[in-house]
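Only one structure is covered here, and it is reproduced in the block below.
The values are calculated or read from the model by the stated rules, or taken from the named source; none is laboratory data. Everything numeric in this text was worked out from a predicted model, so none of it was measured. Counting neighbours? That spans all protein chains shown, and the Cβs are built from the backbone with ideal geometry, glycine included. The protein model used for the area step is the full one, side chains on, heavy atoms only, and it has no ligands, DNA or RNA in it. Shrake-Rupley method; radii C 1.70, N 1.55, O 1.52, S 1.80 Å.
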Amino acid sequence: MRQRNIVFAALSMAAMWCGPANAEDQLVIGYAAAVTGALAPYDSPDGVTCRVEQINEQGGILGKPVKLIIRDTKSDAVTASNVGQELIDAGANVILGPPTDDGLIPIAQLALPKGIPVLSVGATQPAFPVASPENGYLVPFGDNASAASAAEVAYAAGHRKVVLMIANDVGAYSSVTPEYFGKAFERLGGKIVGRVNYHHGLADYNAQVAEITANPEKPDMIFAAILVPDAGVLVRTIKTTGANIPVYGTDGFDDPSFVSVAGPGASLATFVTHGYPSDGSALKAYYDDCTKRGHKPANIFFGLGGEAVEVVKAAVESAKSFDPPAINSAIKEIKDLKGITTGSITYKDRGGVPLKELTVMQVKDGKVTPVQKIIPKWVPSP
């Protein structure tokens, strides 16, 4: 967190030294980031900064250096809206946004009159581009795709009865994603046997685990779109109580702290995420180069930060313009772009939610390990 604050402070000072930008002179990327607060693990100022550094060393975009302005949303939706207006006033041609739809949607609404595209770095809620169809885009996959993928993996593993865990305090992520899973699971032949409510930030999940184990339907798995550290606390509680019910999830589990918080319970988890830095992969190369530059890749969202800039770069080069509406139109036409976390990204005819390959992860011998790649056969509509 100290390193995040240093990067944030340095970039804020740089923005003040450079003064207001002219949209015709260079590309200005504004980033309304969760630099601090509960959502910080799911955003990546460092990942975005590293890719901008690489691009500028290579001559910039359209022969001009990229200017990056980062402002802290403090993981708060109201602050995100205020920060979005600050970035628009500072001359941003493109805005990267925070990891929840309740912060992204107001920013996109503010940016729409100027035709400024708004891209999430870590947010996976398709509710965002649905609510902001003209200028809202996910960089990651949609929660409906990851939930459907998790359902296919769970069903193939023999699970037939699921309890969905529901929370309403992280935008749509923890409330709607489980329902996407349920739709896909039932379509395959599985059954939803219960829904259990919770709030993020619990010290333990004993009450929820007791409710699940008391279910007369005898569920053989749990699905939870849950964030760290709660993801680790949940499986640790399940293991401690002796329930040993497998838990499936999505990218909320994808943080290095998960294994240490979960302890022996980590082996109960299977989750779907954005990619893995295997030897020879573009993601591994990106991590290695950024590490040499003094950045510290903390999790997959570092790679998504770089990928967000890559999407913007491709759109600007295609449009041959720094004009926001031109960039916005060009994003909609992107097809088969080589990414950092994945081999191909397509926005054309996708309604702002890219088509991407997903990676299934499990914890083996105390280490998070990729077990397969997947593109779901069926995805519920957002």
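Brief remarks follow.
- Search result, residues across region 180-225 that are in a helix (DSSP H, G or I) and touching a residue at least 60 places away in the same chain (Cβ under 8 Å): Tyr180, Phe181, Lys183, Ala184, Arg187
- As a summary of the residue check, Tyr276 satisfies the conditions (1) under 21 Å from the mean Cα position of the chain (by Cα); (2) in a helix (DSSP H, G or I) except for the one numbered (2).
- Tabulated pairs, region 238-264, first within 19 Å of Gly142 (Cα to Cα), second surrounded by fewer than 19 Cβ atoms within 10 Å (Cβ to Cβ), C-beta under 6 angstrom, 6+ apart or interchain: none
- Looking only at region 298-329, and only at residues there that are assigned to a loop (DSSP other than H, G, I, E, B) and at pLDDT below 95, the one that is surrounded by the most Cβ atoms within 10 Å (Cβ to Cβ): Asn299
- Considering region 279-293, the residues that are in a helix (DSSP H, G or I) and out of contact with any Pro (no Cβ under 7 Å at 6 or more places or on another chain) include one that is least open to solvent (accessible area, probe 1.4 Å), namely Tyr286.
- Count - residues of region 197-228 that are small (Gly, Ala, Ser) and touching a strand residue (DSSP E or B) at 6+ places or on another chain (Cβ under 8 Å): 2
- Region 200-228, residues that are modelled with pLDDT of 95 or more and open to solvent by 60 Å² or more (accessible area, probe 1.4 Å): Asn206, Ala207, Glu211, Thr213, Ala214, Pro216, Glu217, Lys218
- Residues being farther than 27 Å from Tyr276 by Cα, of a type outside the set (S, T, N, Q) and within 23 Å of the chain's Cα centre (by Cα) - total across region 317-332: 2
- Considered as a group, the residues in region 246-256 that are in a loop (DSSP other than H, G, I, E, B) and modelled with pLDDT of 95 or more include one that is least open to solvent (accessible area, probe 1.4 Å), and that residue is Thr250.
- Among (1) over 19 Å from Leu39 (Cβ atoms); (2) surrounded by 24 or more Cβ atoms within 10 Å (Cβ to Cβ), the one test that Thr100 misses: (1)
- Region 330-343 - residue that is of a type in the set (Gly, Ala, Ser) and open to solvent by less than 40 Å² (accessible area, probe 1.4 Å) and, of those, modelled with the lowest pLDDT: Gly339
- Of all residues in region 344-382 being more than 20 Å from Leu119 (Cβ to Cβ) and among the basic types (Lys, Arg), the one that is surrounded by the fewest Cβ atoms within 10 Å (Cβ to Cβ): Lys367
- Flag for Val259 being assigned to a helix (DSSP H, G or I), within 23 Å of Ala123 (Cα to Cα), open to solvent by 10 Å² or more (accessible area, probe 1.4 Å) and hydrophobic (A, V, I, L, M, F, W, C): yes
- Every pair of residues 6+ apart whose Cβ atoms lie under 7 Å, when the first sits in region 278-294 and is under 12 Å from Arg51 (Cα atoms) while the second is surrounded by 15 or more Cβ atoms within 10 Å (Cβ to Cβ) and acidic (Asp, Glu): Arg293/Glu53
- Output for region 168-179, where each listed residue is small (Gly, Ala, Ser) and outside any strand (DSSP E or B): Gly171, Ser174, Ser175
- Of the candidates Ala123, Ala90, Ala145, the single residue that is under 20 Å from the mean Cα position of the chain (by Cα), open to solvent by 10 Å² or more (accessible area, probe 1.4 Å) and in contact (Cβ under 8 Å) with a residue 40 or more places away in the chain is Ala145.
Residues checked against (1) touching a Ser or Thr at 6+ places or on another chain (Cβ under 7 Å); (2) more than 19 Å from Ala282 (Cα to Cα); (3) part of a strand (DSSP E or B):
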position: Thr341; (1), (2), (3): no, no, no
position: Lys348; (1), (2), (3): no, yes, no
position: Val353; (1), (2), (3): no, yes, no
position: Thr369; (1), (2), (3): no, no, yes
position: Lys373; (1), (2), (3): yes, no, yes
position: Ser381; (1), (2), (3): no, yes, no
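- Residues satisfying the criterion are present in region 73-84 (criterion: surrounded by fewer than 24 Cβ atoms within 10 Å (Cβ to Cβ), farther than 22 Å from Ala315 by Cα and basic (Lys, Arg)).
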